[in-house]
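K.L.:
Right, I'll just put the structure down here and ask away after.
The values are calculated or read from the model by the stated rules, or taken from the named source; none is laboratory data. This one's a predicted model, so the numbers in the text were calculated from it and none came from an experiment. Note: ideal-geometry Cβ built from the backbone for every residue, glycine included; neighbour counts use all protein chains shown.
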Amino acid sequence: MDVQKIEVDSSLTSTDSSRKEKMEVLLDNSTTELLMSLEFVRKNKFKKKKLERSIYIRNVDDIFNHEELIEYIVEVKLFYKWHKKRMEINVISGQK
């Protein structure tokens, strides 16, 4: 499988903070959702928001991953050049 990936320099900030974190963002990795690791959330002190119901993740082979659940989201603003986008990103614990 040939996976295309595009990385760009951008900034990200929590919706409840004015502190911007510069980072490289992966734009296309064939996922269907926006994902952020729990480690990254903790390191950058993003405020987590608990979901009412956990979401199961499907693996690349379309089988549910019962060990990895999405239980939190973070609300962020993504900045790229002159663009700004507010979004909710799912938090996963298994990735860095």
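K.L.:
I'd like the full set of residues that are among the aliphatic types (A, V, I, L, M) and within 16 Å of VAL41 (Cβ to Cβ), limited to the range 56-83. Explain how you work it out, then say what you get.
P.N.:
Step one: filter the range 56-83 for residues among the aliphatic types (A, V, I, L, M), giving 57, 60, 63, 69-70, 73-74, 76, 78.
Across the range 56-83, the qualifying residues are LEU69, ILE70, ILE73, VAL74, VAL76, LEU78.
K.L.:
Here is a follow-up. Please indicate, with yes or no, whether at least one residue in the range 41-56 is within 13 Å of the chain's Cα centre (by Cα), surrounded by 10 or more Cβ atoms within 10 Å (Cβ to Cβ), more than 12 Å from THR15 (Cα to Cα) and modelled with pLDDT under 85.
P.N.:
yes
K.L.:
Of everything in the range 58-73 that's modelled with pLDDT of 75 or more and β-branched (Val, Ile, Thr), which residue is surrounded by the fewest Cβ atoms within 10 Å (Cβ to Cβ)?
P.N.:
Restricting to residues being modelled with pLDDT of 75 or more and β-branched (Val, Ile, Thr), the top hit is ILE63.
K.L.:
Looking only at the range 33-47, count how many residues are within 10 Å of VAL74 (Cα to Cα) and assigned to a strand (DSSP E or B).
P.N.:
Final tally of qualifying residues: 2.
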